[in-house]
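Chemist: I have a structure I would like to understand better, so I am pasting it below and will then ask my questions one at a time.
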Amino acid sequence: QDLVEPLKDIFRTASGLGLRSAAKEALLALGLDEAGITRRAPITTILLLEPSAFFRKRLLAALGSRWEVREAGSRSEAAPLLAERPVDLLISEVADTTGDLRPWIKMQVEMRRCRQVLFSTAARDSATDEPWLMDTLYKPYAPEALLKALEP
């Protein structure tokens, strides 16, 4: 069972058909069905990367105590937190004061510092087709929208 989530990550991120097929076969051999293969792993740890202190506090209040949540206002604050302890989910703006966060986020995913990402952004041109992107919420949104996006 310790192999399931790493194999699911390979299945989800593989670009080559051979690797994707091999990961799927391995997951089926471990007893998962088609729905189990695509089902998202439970989220227990979250890093909230939000430059706006006001919006960050609002999201922290919405998340409550259901998850273990840490917060950062910039990528320079977030990097050591992720290096110290990886998270299941990174909730992030698409850009910060130094520019586009997407390349930095992709690197964090590749280094296995976060499994999935949820964009929380005002930028309407943030669409991306990355396997690690769980969803995009466009500001302003109700806190209930965030909770709905986190449902398994």
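The values are calculated or read from the model by the stated rules, or taken from the named source; none is laboratory data. Keep in mind it's a predicted model, so treat the numbers as computed, not measured. As a convention, Cβ positions derive from the backbone with ideal geometry for all residues, glycine included, and neighbour counts pool all protein chains shown. The protein model used for the area step is the full one, side chains on, heavy atoms only, and it has no ligands, DNA or RNA in it. Shrake-Rupley method; radii C 1.70, N 1.55, O 1.52, S 1.80 Å.
Chemist: Go through (1) among the hydroxyl-bearing types (Ser, Thr, Tyr); (2) buried (at least 17 other Cβ atoms within 10 Å of the Cβ); (3) in contact (Cβ under 8 Å) with a residue 24 or more places away in the chain and name the single condition THR136 misses.
Modeler: Failing condition for THR136: (3).
Chemist: Only residues in segment 72-86 that are more than 18 Å from ARG58 (Cα to Cα) count as the first member; pair them with residues that are in a helix (DSSP H, G or I) and open to solvent by less than 50 Å² (accessible area, probe 1.4 Å), Cβ under 7 angstrom, at least 6 apart or cross-chain, and list the lot.
Modeler: ARG75/TRP104; LEU82/GLN108
Chemist: Can you name the number of the only condition in (1) more than 20 Å from GLU5 (Cα to Cα); (2) touching a residue at least 40 places away in the same chain (Cβ under 8 Å) that ILE46 fails?
Modeler: (1)
Chemist: Here is a further query. Among (1) aliphatic (A, V, I, L, M); (2) free of Cβ contacts under 8 Å to residues at least 24 places away in the same chain; (3) within 23 Å of GLU151 (Cβ to Cβ), which single condition is ALA14 missing?
Modeler: So the condition that ALA14 fails would be (3).
Chemist: Mind listing just one residue for me: the one in segment 123-152 that is of a type in the set (A, V, I, L, M) and assigned to a strand (DSSP E or B) and, of those, nearest to MET107 (Cα to Cα)? Spell out how you get there, then give the answer.
Modeler: Going residue by residue through segment 123-152, those that are of a type in the set (A, V, I, L, M) are 123, 127, 133-134, 137, 142, 145-147, 149-150.
Within this subset, residues satisfying the condition of being assigned to a strand (DSSP E or B) are 133-134, 137.
Numbers: LEU133: 13, MET134: 16, LEU137: 21 Å.
Within segment 123-152, the match that is nearest to MET107 (Cα to Cα) is LEU133.
Chemist: Another question, if that's okay. Provide a single number: the residues in segment 1-38 that are among the polar types (S, T, N, Q) and over 20 Å from LEU133 (Cβ atoms). Write out each step before concluding.
Modeler: Initially, segment 1-38 is screened for residues among the polar types (S, T, N, Q), giving 1, 13, 15, 21, 38.
When the remaining residues are screened for being over 20 Å from LEU133 (Cβ atoms), the result is 1, 21.
Result for segment 1-38: 2.
Chemist: For residues that are touching a Lys or Arg at 6+ places or on another chain (Cβ under 7 Å) and modelled with pLDDT of 90 or more, scanning just segment 95-113, find the one that is farthest from ILE10 (Cα to Cα).
Modeler: Result: LEU101.
Chemist: Inspect segment 65-84 for any residue being in contact with a helix residue (DSSP H, G or I) (Cβ under 6 Å, 6 or more places away or on another chain), among the hydrophobic types (A, V, I, L, M, F, W, C) and modelled with pLDDT under 90 and give the result as yes or no.
Modeler: no
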